[in-house]
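One structure is given here, and the rest of the page talks about it.
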Amino acid sequence: HLLEHGEVMTPDMEKTRSMLKGQYQEPEVKACYHNSLLMRFVDGQTLDLYEGFIIRSDLMMPIEHGWNRDSDGTAIDFTATIWERGDCQTILFGCQVPDEFAMQMMNETSQSGPYLFKYANRESANV
């Protein structure tokens, strides 16, 4: 699923920080799935949920990660605002997790993710 439907993105940290201003909720460290769910409704728009991997030039290997994408197709990574310093290259590689599926999983599991592998398994079973 990820290789077929995955997208490579670069987060727009300036736009992300701008969207974060004036928000009641602040992102939490090591809570990317929670942050991306919590911040879906920001700046007058609904953001898409994405899950996959973050690849950074200062890390030895990819890390599972969750982020958002706005209606313009821009990657918005609220969690990265906590630790992003602007001195390394960052790539996000992942797929959208539909809102309906994420809400269903959240209700069933009381967890905020990750959901991508469960979603991919469901989709492959439906083929």
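Tabulated values for the structure
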quantity	calculated
Glu14 vs. criteria farther than 15 Å from Arg69 by Cβ, assigned to a loop (DSSP other than H, G, I, E, B) and without any contact (Cβ under 8 Å) to a residue 12 or more places away in the chain	no
Pick from the range 9-40, criterion hydrophobic (A, V, I, L, M, F, W, C) and touching a strand residue (DSSP E or B) at 6+ places or on another chain (Cβ under 6 Å), ranking: surrounded by the fewest Cβ atoms within 10 Å (Cβ to Cβ)	Met9
Residues (modelled with pLDDT of 95 or more, over 18 Å from Gln23 (Cα atoms) and open to solvent by less than 50 Å² (accessible area, probe 1.4 Å)) located in the range 50-71	Tyr50, Glu51, Gly52, Ile54, His65, Gly66
Met103, sole failed condition from (1) in contact with a Ser or Thr (Cβ under 9 Å, 6 or more places away or on another chain); (2) hydrophobic (A, V, I, L, M, F, W, C); (3) free of Cβ contacts under 8 Å to residues at least 60 places away in the same chain	(1)
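The values are calculated or read from the model by the stated rules, or taken from the named source; none is laboratory data. Computed from a predicted structure; not experimentally measured. Note: ideal-geometry Cβ built from the backbone for every residue, glycine included; neighbour counts use all protein chains shown. Just so you know, the surface numbers come from the protein's heavy atoms only, side chains and all, with ligands and any DNA or RNA stripped out. Shrake-Rupley method; radii C 1.70, N 1.55, O 1.52, S 1.80 Å.
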